[in-house]
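The structure appears below as structure tokens.
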Amino acid sequence: MSYEKSVELYNEACDLIVGGVNSPSRSFKGVGGGTPVFMKEGRGAHLFDEDNNRYIDYLGAYGPIITGHGHPHIAEAINEAARTGTLLGTPTKWENVFSKKLKDAVPSLEKVRFVNSGTEAVMTTIRVARAYTGKHKIIKFEGCYHGHSDLVLVAAGSGPSTLGSPDSAGVTPNIAAEVITVPFNDIDSFREAIDRWGDETAAVLIEPIVGNFGLVEPEPGYLEEIKKLTHESDSLLIFDEVITAFRFTYGAAQNMLQVEPDMTAMGKIIGGGLPIGAYGGRVDVMEQVAPLGPAYQAGTMSGNPASMRAGIACLEVLEKDGVYDTLDRLGERLETGLLEQAEKYSIPVTINRLKGMFTIYFTDETVKDYKGAERSNSERFSIFFKEMLDRGVHLAPSKYEAWFLTTEHSNEDIEDTLEASDQAFAALSS
Ligand code: PLP
């Protein structure tokens, strides 16, 4: 496979754009370096690069693309918005239509607000929780990613009873001192943190099903206990469903898990491929937000007709019968095939999968927290990633990411993927 044009474009981009990419996860730093592939077009389940190579796409643009690229129903909605005004600066009926659709699918969203990214959505839920409770600290979970606002770029302290430290230059120690980070799926650590800090904690922020150290589900009863302890300390429970909303079911992970938070942050899929974020929850909590309440949040682009109409169109595709069953069936076929091949070539792997999303960890241990994901063999993943890329299968360039299936992946795509992975595993074993 030749990447000549991508190399040329990347060199040019490095002169123009910091690091050559507009989001660090797009660089190949997580797989030992190299040139990120410059794509020209996405069509259905496939990507086409500037050198005219074709790839089966499992990156899914890091989650939003669940209906494939250029879906005709969504394209039509975006075209219509382009013709009639992408940004009017006034309320439009599309915001009502979309809010109603979200609320029908996720009942805990008694009131919502649209913003422009998952980062904004999560950032604002924290502000609102602080306004509501009058408290300042947040408790979050190791390895979960909640966007790039200051408060959530804080690494774990040395234990649940210690405060965090900045995870990025530019985040001040004062901000880090507002954050406690505990391991996921470890209720004792959480209990210790809430015992120590509950009186000062405004919110507990969690990905109910983790998508940022691969895919990790909560152990039975874990979220129920988190909710109980959170409420006992008069703190609010926030679910970050930026990845999980509409990924596994028509609704959010909270519908499947039957645990309702006080507030939810969403993004990715609900924009149908355009920029979006949304947050919502209990009406008494949401009424803290301006213009009704004292917590300020605004946005020139928020609720714009293009994102609204793309999001509505995307949900219209997803609400059709059988969508998630198909994603599950394709996911299962891939999982089984990959596990069989790993065994054939004696490469230890663990796969965590839910419906059309899964992560392959190069380890033989069960992965249920960040430390477990960290132990997945990075070198093996990097080789596997590059072997797959060279055979026309585009995965996310990091061992901590997931594979995302779309409604456009076909049986043939899956079989072609398995043919590539057979050779990738063979390369790993040689
Ligand atoms: N929350 C979660 C769980 C995410 O995975 C992400 C992004 O990957 C975000 C928040 C931030 O969303 P955005 O990149 O749209 O700002």
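The values are calculated or read from the model by the stated rules, or taken from the named source; none is laboratory data. The structure presented is a predicted model; accordingly, all values stated were derived computationally and were not measured. FYI the Cβ positions are ideal-geometry reconstructions off the backbone, even for glycines, and counts take in every protein chain you see.
Residues of segment 235-253 include at least one that is in a helix (DSSP H, G or I) and either under 19 Å from Met357 (Cβ atoms) or away from the ligand (no atom under 16 Å from the Cβ) (or both). Only one of the listed residues (Thr350, Thr336) is under 26 Å from Val182 (Cβ atoms), β-branched (Val, Ile, Thr) and modelled with pLDDT of 95 or more. That residue is Thr350.
Once segment 137-154 is narrowed to residues that are more than 15 Å from Ile209 (Cβ to Cβ) and assigned to a loop (DSSP other than H, G, I, E, B), the residue that is modelled with the lowest pLDDT is Leu153.
Filtering segment 109-137 to residues that are within 16 Å of the ligand (Cβ to nearest atom), touching a Gly at 6+ places or on another chain (Cβ under 9 Å) and not hydrophobic (A, V, I, L, M, F, W, C) leaves Arg113, Asn116, Ser117, Gly118, Thr119, Glu120, Thr124, Thr125.
Taking the criterion of being of a type outside the set (Val, Ile, Thr), in contact with a helix residue (DSSP H, G or I) (Cβ under 7 Å, 6 or more places away or on another chain), more than 23 Å from Gly63 (Cα to Cα) and not assigned by TED's automatic domain parsing to the domain that holds Thr181, would at least one residue in segment 389-408 satisfy it? No, because not a single residue in segment 389-408 is of a type outside the set (Val, Ile, Thr), in contact with a helix residue (DSSP H, G or I) (Cβ under 7 Å, 6 or more places away or on another chain), more than 23 Å from Gly63 (Cα to Cα) and not assigned by TED's automatic domain parsing to the domain that holds Thr181.
Taken over segment 254-267, the criterion of being closer than 29 Å to Lys135 by Cβ and either aliphatic (A, V, I, L, M) or within 12 Å of the ligand (Cβ to nearest atom) (or both) is satisfied by Leu257, Val259, Met263, Thr264, Ala265, Met266, Gly267. Restricting segment 109-123 to residues that are part of a loop (DSSP other than H, G, I, E, B) and closer than 18 Å to Ile312 by Cβ, the residue that is farthest from the chain's Cα centre (by Cα) is Leu109. In summary, no strands (runs of 3 or more DSSP E) completely within segment 1-108 bear 2 or more residues that are over 24 Å from the mean Cα position of the chain (by Cα) and more than 16 Å from the ligand (Cβ to nearest atom). In the set (1) among the hydroxyl-bearing types (Ser, Thr, Tyr); (2) more than 25 Å from Ile65 (Cβ to Cβ); (3) surrounded by 18 or more Cβ atoms within 10 Å (Cβ to Cβ), the condition left unmet by Thr406 is number (2).
Candidates Gly30, Gly60: the one that is at pLDDT below 95 and touching a Ser or Thr at 6+ places or on another chain (Cβ under 9 Å) is Gly30.
Annotation note: of Glu219, Glu207, Glu142, the sole residue that is in contact with a helix residue (DSSP H, G or I) (Cβ under 8 Å, 6 or more places away or on another chain), within 23 Å of Leu257 (Cβ to Cβ) and charged (D, E, K, R) is Glu142. When residues of segment 301-337 are filtered for being assigned to a loop (DSSP other than H, G, I, E, B) and either under 22 Å from the mean Cα position of the chain (by Cα) or touching a residue at least 40 places away in the same chain (Cβ under 8 Å) (or both), how many remain? Residues in segment 301-337 being assigned to a loop (DSSP other than H, G, I, E, B) and either under 22 Å from the mean Cα position of the chain (by Cα) or touching a residue at least 40 places away in the same chain (Cβ under 8 Å) (or both): 5 in total. Residue count for segment 152-175 under the criterion of being within 15 Å of the ligand (Cβ to nearest atom) and within 19 Å of Thr230 (Cα to Cα): the result is 1.
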